[in-house]
1. Accessible area of the stretch 34-123 with a 1.4 Å probe: how many percent of it is carbon plus sulfur?
2. What is the extension gain from SER39 to ILE26, computed as 0.36 nm multiplied by their sequence separation minus the C-alpha to C-alpha distance, in nm to one decimal?
3. Convert each backbone phi in the stretch 132-143 into a coupling constant with the Karplus relation 6.51 cos²θ - 1.76 cosθ + 1.60 (shift: θ = phi - 60°), then list the ³J(HN,Hα) values in order as whole Hz, x for Gly and Pro.
4. Whose amide H sits under 5 Å from the amide H of ASN58, counting only residues 5 or more places off or on another chain, with H placed in the peptide plane?
5. Over the stretch 137-178, what percent of the accessible surface lies on carbon and sulfur atoms, probe 1.4 Å?
6. Evaluate E = 1/(1 + (r/R0)^6) for PHE80 and ASN52, where r is the Cβ-Cβ distance and R0 equals 25 Å; express this FRET efficiency to the nearest 0.05.
7. Show the residues, 5+ positions off or on another chain, whose built amide H is closer than 5 Å to the amide H of LEU91.
8. At 0.36 nm per residue, and after removing the present C-alpha to C-alpha distance, how many nm does the segment from TYR97 to THR131 gain when stretched out fully?
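The values are calculated or read from the model by the stated rules, or taken from the named source; none is laboratory data. Not measured: the values here are computed from a predicted model. Note that we place each Cβ from the backbone using ideal geometry, even for glycine, and neighbour counts take in every protein chain shown. Please note that ligands, DNA and RNA were not included when accessible areas were found on the heavy atoms of the full protein model with its side chains. Shrake-Rupley method; radii C 1.70, N 1.55, O 1.52, S 1.80 Å.
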Amino acid sequence: MKKLLFLVCFLGLAITSFGQKMEVAIGYGTPSLYGVAESVIGGFGTLLTGSNYSTTSNGVLNVQVTRHDREGRWRYGLEFNSEFFDTAGELKSTTYYSISPKVDHFWSGNQRKLRFYSGVAAGVLIRSSETDSDSESDAFLAVNVTPIAIRYGREFGVFLAPNLGVNAFLQLGLSYQF
């Protein structure tokens, strides 16, 4: 845990030291690829082992803190995701938390209001689940690919981003550049 905290502080310092503009964003969307896999695997596990539990994802909350390079073509930083699940049966709760460094490339210059971008992120995903008798946490590789997304606005903006990975399959959000 200390190593993870050190890594987050180090990356935070690196993000704030370089670049021209900073951006904060918050978004919410549909379940992620990881959340759908959790539900499907849980369903098969119930059939095979006879256990009594099920999970259904309620969606993914995403928070990003990023910096832009001087030309406004690259955006890099950290993102935090939290996916919440409805549970039934023996399983009391399941939650996914992830933190990932990310990089996005904008396909047009920063003088336009409507911009298209693609991105990639990789980090750590922590799955936390609790039953009547115990609780457990697992860590996995968190990967996300954004094939092509849309951002509209200058300082304040809205974005719509399809994703494959730890983020929502389809995410809508707000961002602010300063």
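1. 63
2. 2.2 nm
3. 4, 8, 7, 9, 9, 9, 10, 10, 9, 6, 9, 10
4. Counting only residues 5 or more places away or on other chains, the set is PHE84, PHE85, ASP86.
5. Of all accessible area on the stretch 137-178, carbon and sulfur atoms account for 78 percent.
6. 0.15
7. Those qualifying (amide H under 5 Å, at least 5 residues apart or on another chain) are SER54.
8. 10.4 nm
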